[in-house]
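S.K.: After the structure tokens below, expect a handful of questions from me.
The values are calculated or read from the model by the stated rules, or taken from the named source; none is laboratory data. Given the structure is predicted, the values throughout are model-derived calculations rather than measurements. Just so you know, the surface numbers come from the protein's heavy atoms only, side chains and all, with ligands and any DNA or RNA stripped out. Shrake-Rupley method; radii C 1.70, N 1.55, O 1.52, S 1.80 Å.
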Amino acid sequence: GSSTGTGEGDGFGIGNNGATDAFIWNYENGFIQFGTNSAERLRVDSSGKVGIGTTSADANLHIKGSYPTVHIERDHATNYSRLLLDNTSNDGVAIDVIGDGTGGLRISTSAA
């Protein structure tokens with residue numbers, strides 16, 4: 001069933017009770033967490049780091065699992081998905097998946 005409670009520490013939770021609520025905002029310890037199927041799935045800590053599959057992210061985005069996968073999908077038949085790695089004051093790198101029917105990967109520089 002559904003309930004609203006404090007979760008752990010000062011804050012509130014929505015969902016089942018305990019540390020696996022569907023949503024918990026923990027003011028005292030400074031994090032927000034989301035859980036499903038009796039397990040925590042995502043946490044945003046007080047510094048803004050996001051952990052998926054971990055409760056202690058050690059980077060801005062930390063994904064942990066036995067086979068972690070990031071899926072970036074473009075919803076257009078002839079264009080590409082892009083991963084852009086930039087520095088705001090310098091150039092960066094773009095990694096593109098070519099969507100022209102032949103498949104391919106392009107790595108190029110990009111202007112910041």
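S.K.: Could you sort Ile95, Ile107 by accessible area so the largest value comes first, with the probe set to 1.4 Å?
M.R.: Ile107, Ile95
S.K.: Mind grabbing the accessible area of Glu28 for me, 1.4 Å probe, Å², rounded to tens?
M.R.: 110
S.K.: Please report the accessible area of Ser66 (heavy atoms, 1.4 Å probe, ligands and nucleic acids excluded) in Å², nearest 10.
M.R.: So the heavy atoms of Ser66 present about 130 Å² to solvent.
S.K.: Follow-up. Leaving ligands, DNA and RNA out of it, work out the accessible area of Val93 with a 1.4 Å probe and give it in Å² to the nearest 10.
M.R.: 60
S.K.: Whole-Hz Karplus ³J(HN,Hα) for the stretch 83-89, in order, using 6.51 cos²θ - 1.76 cosθ + 1.60 and θ = phi - 60°, x for Gly and Pro?
M.R.: 10, 10, 10, 10, 10, 4, 10
S.K.: Right, something else. If you roll a 1.4 angstrom probe over the protein chains with everything in place, what fraction of the accessible area of the stretch 33-112 belongs to carbon and sulfur, to the nearest %?
M.R.: The C+S portion of the solvent-accessible surface of the stretch 33-112 is 52 percent.
S.K.: A further question on this structure: Which shape class applies to the stretch 62-104: rounded if a/c is under 1.5, otherwise prolate when a/b exceeds b/c and oblate if not, where a ≥ b ≥ c are the square roots of the Cα gyration tensor eigenvalues?
M.R.: Because a/c hits 1.5 or more and a/b fails to exceed b/c, the stretch 62-104 counts as oblate.
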